[in-house]
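Below is one structure, written out as structure tokens; comments come after it.
The values are calculated or read from the model by the stated rules, or taken from the named source; none is laboratory data. What you see is a predicted model; the values in this text were computed from it and never measured. As a convention, Cβ positions derive from the backbone with ideal geometry for all residues, glycine included, and neighbour counts pool all protein chains shown. Quick note on the areas: whole protein, heavy atoms, side chains included, nothing else; ligands and nucleic acids left out. Shrake-Rupley method; radii C 1.70, N 1.55, O 1.52, S 1.80 Å.
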Amino acid sequence: MNSAEIRQKFLDFFASKQHQVVPSAPLVVKDDPTLMFINSGMAPFKDYFLGNKPAPYKRIADTQKCLRVSGKHNDLEEVGYDTYHHTMFEMLGNWSFGDYFKREALEWAWELLTEVYKLPKDRLYVSVFEGDAQDNLSKDQDAWDIWKTMISEDRILLGSKKDNFWEMGDTGPCGPCSEIHIDLRTDEEIAQVPGRDLVNNDHPQVVEIWNNVFMEFNRLADGSLVKLPAQHVDTGMGFERLCMAIQGKRSNYDTDVFQPLIQFIAKEAGVTYGEDEKKDIAIRVMGDHIRAIAFAIADGQLPSNNKAGYVIRRILRRAVRYAFTFLDFKKPFLYKLASVLADQMAHVFPELKQQLGFVQRVIEEEENAFLRTLENGLKRLDALEDKFRENNNTIDGRTAFELYDTFGFPLDLTALIAREKGLTVDEAGFAVEMEQQKNRSRNASASEQSDWVVLQPDVATEFVGYDCHVSDSHIVRYRQVKTKSKNEYHIVLDKTPFYAESGGQVGDTGYLVSDQEQVEVLDTKKENDLILHITAKLPQNLEAAFRSQIDLERRNFIRKNHSATHLLHAALRNVLGEHVQQKGSLVNEKMLRFDFSHFAKVEDAQLRQIEHIVNARVRQCIPLEEQRNVPIAEAKDMGAMALFGEKYGEFVRVIAFDRQHSVELCGGTHVYNTGEIGYFKIVSESSVAAGVRRIEAITAKAAEDFVQGQMDELFAVREVLGTQSNVSGAVQKLQEEYKALQKQLEQYQLQQLNSLKDALAKKAQPLDGGVNLVAEQVSVSNADYLKKLAFDMRQVVDNLVLVLAAEIDGKPQLAVMLSDNLVQEKNLNASQLVRELAKEIKGGGGGQPFYATAGGKDTSGLQAVPAKAIELVKNSLNG
């Protein structure tokens, strides 16, 4: 059977046993803080086992995408070296929630494996739980007795708590399990060592293929076990291993699960899989990793430098590194594999096929970004290999850190490369270098900071800036800070309307006003829970009563821009898709900048649509709905969106402009209704990094001024063109006329160039040995014409030594051309000659032996070039 048939027969079999076949859950976990990715077949059903919500069906069957990149047998660095562990794999499962139990589960498993899949019974072994005295659990006699009816007792093995008692975690549902193993070795190998001796001993051909877990206990916090009110069945069968067994292969990679990918890679690399172990490992790495990469992206996880995103980036970079080093793929290639995989999986996991363009673009951008640094980093390692050999076969910490800091190599990648070269990495030295860099960074921003002078101890600052822009305040504490460039003071007040910079919004400016003086506040920042008012001087009377007043006009512009970012975020998700997530922002009084996850340039039509949506919301004058001190769980229930880079406590502030449109957790300042924004205008859209785009926009008066400036420019163009309509048509006509004139000019210049060629040919000076020398200062309009003139002269003058000097765009340029025979017979060299001549124009150059060019700074030296050329050539000919 092919893999598609194997998978379908599993689902059909359990459908015939009244199981509801359900689709795979997404690979990326959204709501479980204990998991980044689905790592087992049961993970999507945890709530059912825990009793958090009722199961929609009593019996379920599925094939679940899973991802594992850590653990004893699933370490990423080992994938590709063995034949049966993977990053992403499929887990076939059948589930009973309070319905059937051990007998049905085991009998159906045996029926499917031996009667449907026709696996040989004499190659199968089963294991049952032997019991555990500590938990007061006896041997699973029920499972033993059920198995006795189907398989001889010498093939039933007892397993310890480690192997045959499955637990979800430290607490929760658990129970004994019964595994099914298959021996895929040859008859000769089996004759030497019986399969039962190799079960659960990591033999690549004696592998577990199915585990039936019987959920009948609940592990309490005190470690004790109690019976569950209902008994459940949780099974998992490794699809790739099952295919290996049914198709009679000795490796998962030899099955048709992987062969389409493997053969595609081998063909593109121009190699044959199975002939070179290092190349085979690279091919296996690529074939395995593209599955994890492609499906993770399709399920919503973009590569990044954090958490789940870093896992995907790490897997991707490992695949690129193997492709680059062992298969000589110097350009992005992995992304091409996504289409092979999508076609292969379309019938069971259609989400990849549906998003193929998006997935390929993300992968290709990541490949490009990494390849740019990979080649340089690998060259650096190769150049230093002898040094490492002399250093006890160790890559020193400084070099490892250089690779990290300069070339973007994570330490684990350097360690992998080292291992392949028979080297190790001084990881302790790397850690020292990393700490030194942190210290350098700290020193670069070092400042001389005085101790706090505390005027009112134990007084916390009350922020009143959401409700007012002026407050009565007293100074609680202050300190002086000196840096290389300035001297400033940090002042903390008991009550303040000043918003401190956070969440992308800049800090307020304004004044502290007393009866005696006015002190300007230059900025407001946070330090832990302190709000720092930054000034250039201290008030004369520190104990005076102050009126703290922000620059209200500036604050109002900031508020408009901040609220506009919320409307923009919602519009982006509306137009581009739900994958859009904020990746950073800047909000000040002049503009707003919004970074977001997206795979490609936002098209002009999409930008207009986004703009239209935002401005429609502005015109609707939607009132601000603000809620403070909301429990975070309640805020999430409201649909509030947590933003990138923000830290949230137990209680949060929720900002909504129409709950159906924009609800976000936010601590910044906002307009009271969207009408205050006035007008929203996007001024640029660009790329920040792979998968991250940036929009810059303006609002209110800035937007009005921008549009007016554009209109003024349009009116000026109309006036110049002498038309009040169809400006683009008039410009197009001018362009056509310009191109026609350019063509005429080019023909005229070529005619001039041809005349110049003829004139120069007549000036050829005969020298010893039949050499013809032309050394002249000429007038040409650009460097291309200078080059053309040199090559044209080569066609009309034999035994030519040509030296041309010209002033082009105000700068001196030289060209030297030699006939090929003079290079070979007279040992003349254009590159050497032009370097000597370039000294006259205070420049340098080079090129090939027959043609070379030079540029310089001093145009006055051009006149001396012909005479010097004659002298140099004669000296060369005379030896």
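Some points to look at:
- Geometric descriptor of the range 166-262, per residue, is 130 Å³ (volume of the convex hull of the Cα atoms).
- DSSP bridge analysis restricted to the chain gives an antiparallel fraction near 85%, rounded to the nearest 5.
- The range 47-196: antiparallel DSSP beta bridges as a percent of all, rounded to 5: 80
- Shape of the range 656-785, Cα gyration tensor, a/c cut at 1.5: prolate
- Cβ-Cβ FRET estimate between Asp523 and Ala545, R0 fixed at 25 Å, reported to 0.05: 0.60
- Cβ-derived FRET efficiency at R0 30 Å, Lys9 paired with Ser152, nearest 0.05: 0.70
- Flagged links, alpha-carbon separation over 23 Å, of Lys102/Lys162; Lys9/Lys267; Lys379/Lys421; Lys757/Lys839: Lys9/Lys267; Lys757/Lys839
- Counting only protein heavy atoms and a probe of 1.4 Å, the accessible surface of the chain is 46% carbon and sulfur.
- Whole-angstrom gap from the range 814-849 to the range 462-477, using each part's C-alpha centre: 76
- Pairwise centroid distance, computed over Cα atoms, of the range 534-613 with the range 330-375, Å: 34
- The average projected area of the range 165-223, computed from the convex hull of its Cα atoms over all directions, is 4.7 nm².
- Radius of gyration, Dmax [the chain; alpha carbons; angstrom]: 37.3, 111
- For the chain, accessible area per residue (1.4 Å probe, heavy atoms of protein chains only), Å²: 48
- Pairwise Cα distances in the range 809-860 exceed 16 Å in 37 percent of cases.
- Peptides ranked, highest mean first, by Cβ atoms within 10 Å: ranges 607-620, 378-391, 287-300: 287-300, 607-620, 378-391
- Rounded, prolate or oblate (a/c below 1.5 giving rounded, otherwise prolate when a/b exceeds b/c) for the range 332-480 by Cα gyration tensor: oblate
- Panel note: the C-alpha atoms of the range 680-720, placed on their principal axes, show extents of 44, 24, 8 Å (largest first).
- Gained length - Lys537 relative to Cys621, 0.36 nm times residue gap less alpha-carbon distance: 26.0 nm
- Distance between the range 656-681 and the range 108-160 - C-alpha centres, whole angstrom: 63
- Between the helical axis of 259-269 and the longest alpha-carbon principal axis of the chain there is an angle of about 20 degrees.
- Expected 222 nm ellipticity per residue - DSSP helices of 4 or more, -39500 (n - 2.57), all of the chain, to 500: -12500 deg cm²/dmol
- Residue ranges 1-7, 541-547, 206-212 sort as 206-212, 1-7, 541-547 when ordered by packing (mean number of other C-beta atoms within 10 Å per residue, highest first).
- Scattering curve values for the range 262-405, log₁₀ I(q)/I(0), Debye with Cα scatterers, q = 0.09, 0.17, 0.21 Å⁻¹: -0.32, -0.98, -1.28
- Net lengthening on full extension, Gln747/Asn2 (0.36 nm per residue, minus Cα-Cα): 261.5 nm
- Helix axis angle, 700-721 relative to the chain longest principal axis, alpha carbon, degrees: 40
- Förster radius 45 Å - calculated FRET efficiency between Thr325 and Gln192, Cβ distance, rounded to 0.05: 0.75
- Between the Cα long axis of helix 727-762 and the first principal axis of the chain there is an angle of about 60°, rounded to the nearest 10.
- Stretching the chain fully between Ala783 and Ser485 yields a gain of 102.6 nm (0.36 nm per residue, less the alpha carbon separation).
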